[in-house]
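Trainee: Got a structure for you, questions after.
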Amino acid sequence: MELALFCGLEGAPTFLVPIINPPFADNSPHLPSLLRKTMTEEEKRSARYERIYTQLEDLIRNTGNIISLMATVAALLHHKMPHFFWTGFYILDENDLIVGPYQGPLACQVLEKNKGVCWAGIIRRSTVVVPDVHKFPGHIACDSRSKSEIVIPLLDQNNQPWAVLDVDSQKHDAFTEIDKQWLEKIVRLIPPQE
């Protein structure tokens, strides 16, 4: 709560009055720029990921069940990151890439082999960032509203992929180096599978 100091007229007392709705919020254009918090969008994004990571560290201690862990990661990311449209996992099952826990619109159940961004992540064994999915060769359109995508492979002890974290956005070029770094760190919270 903020307080305002009111000075009385001659002989009148000076008193403090609480300000319930201050006239200038932190983001008000009327507040002098030196007083405004000056966090860049990338700094805000990084700070949000840091809070998510800390929360996930605590949450995943509650179970060793891989599906539960993946569901928790997908749900928390999806609901805390405003630019995420579809957030989930695809799991390698023999030679098929099948949908795992996810949040968002209906997913493709099985992804056509060696096609699309998720399979690219599996084949390359590295993160794939696609600024415009419609320009990605062989893109699999599970939902036409998706405009950009990031895929992070989950690797076992032998550096072999066993799943991917897949995130779509309704905005072109939605994913930055900050997303890449933090999502790679977050998937490492999930124990490698054999």
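The values are calculated or read from the model by the stated rules, or taken from the named source; none is laboratory data. Keep in mind it's a predicted model, so treat the numbers as computed, not measured. Don't worry about glycine lacking a Cβ; one is built from the backbone with ideal geometry, like all the others, and counts go over all protein chains shown.
Trainee: Mind checking which residues of the range 131-179 are part of a strand (DSSP E or B), acidic (Asp, Glu) and in contact with a Lys or Arg (Cβ under 9 Å, 6 or more places away or on another chain)? Let's see the steps before the verdict.
Mentor: Filtering the range 131-179 for residues part of a strand (DSSP E or B) gives 148-155, 161-169.
Now restrict to residues that are acidic (Asp, Glu): 149, 166, 168.
Result: Asp168, single match.
Trainee: What single numbered condition from (1) in contact (Cβ under 8 Å) with a residue 40 or more places away in the chain; (2) closer than 19 Å to Leu155 by Cα; (3) buried (at least 20 other Cβ atoms within 10 Å of the Cβ); (4) in contact with a helix residue (DSSP H, G or I) (Cβ under 9 Å, 6 or more places away or on another chain) fails to hold for Ile91?
Mentor: Of everything listed in (1) in contact (Cβ under 8 Å) with a residue 40 or more places away in the chain; (2) closer than 19 Å to Leu155 by Cα; (3) buried (at least 20 other Cβ atoms within 10 Å of the Cβ); (4) in contact with a helix residue (DSSP H, G or I) (Cβ under 9 Å, 6 or more places away or on another chain), Ile91 misses just condition (3).
Trainee: Considering only residues that are more than 18 Å from Gln193 (Cβ to Cβ) and either among the hydrophobic types (A, V, I, L, M, F, W, C) or surrounded by 16 or more Cβ atoms within 10 Å (Cβ to Cβ) (or both), which ones fall in the range 57-77?
Mentor: To start, the set of residues in the range 57-77 that are more than 18 Å from Gln193 (Cβ to Cβ) comprises 57-59, 61-62, 75-77.
Within the range 57-77, Leu59, Ala75, Leu76, Leu77 qualify.
Trainee: Could you grab me the full set of residues in the range 179-194 that are buried (at least 17 other Cβ atoms within 10 Å of the Cβ) and modelled with pLDDT of 95 or more?
Mentor: The first filter runs over the range 179-194 and keeps only residues buried (at least 17 other Cβ atoms within 10 Å of the Cβ), leaving 179, 182-183, 186-187, 190.
Result: Asp179, Trp182, Leu183, Ile186, Val187.
Trainee: Looking only at the range 53-69, which residues are at pLDDT 90 or above and of a type in the set (Gly, Ala, Ser)? Can you show your working first?
Mentor: Let us first name the residues in the range 53-69 that are at pLDDT 90 or above, namely 53-59, 65-69.
Hit for the range 53-69 is Ser68, nothing else.
Trainee: Which residues, counting only those in the range 119-176, are crowded, with 18+ Cβ neighbours inside 10 Å and charged (D, E, K, R)?
Mentor: Of everything in the range 119-176, those that are crowded, with 18+ Cβ neighbours inside 10 Å and charged (D, E, K, R) turn out to be Lys147, Glu149, Asp166, Asp168.
Trainee: Checking Ala141 against (1) closer than 16 Å to Lys171 by Cα; (2) in contact (Cβ under 8 Å) with a residue 12 or more places away in the chain; (3) out of contact with any Asp or Glu (no Cβ under 9 Å at 6 or more places or on another chain): exactly one of these is not met. Which one?
Mentor: Evaluating Ala141 over (1) closer than 16 Å to Lys171 by Cα; (2) in contact (Cβ under 8 Å) with a residue 12 or more places away in the chain; (3) out of contact with any Asp or Glu (no Cβ under 9 Å at 6 or more places or on another chain) leaves (2) as the failure.
Trainee: If you check Ser68, Ser46, which single one turns out to be touching a residue at least 24 places away in the same chain (Cβ under 8 Å) and over 15 Å from Asp168 (Cα atoms)? Before the answer, list the steps.
Mentor: Values: Ser68 fails: touching a residue at least 24 places away in the same chain (Cβ under 8 Å).
On inspection, the qualifying residue turns out to be Ser46.
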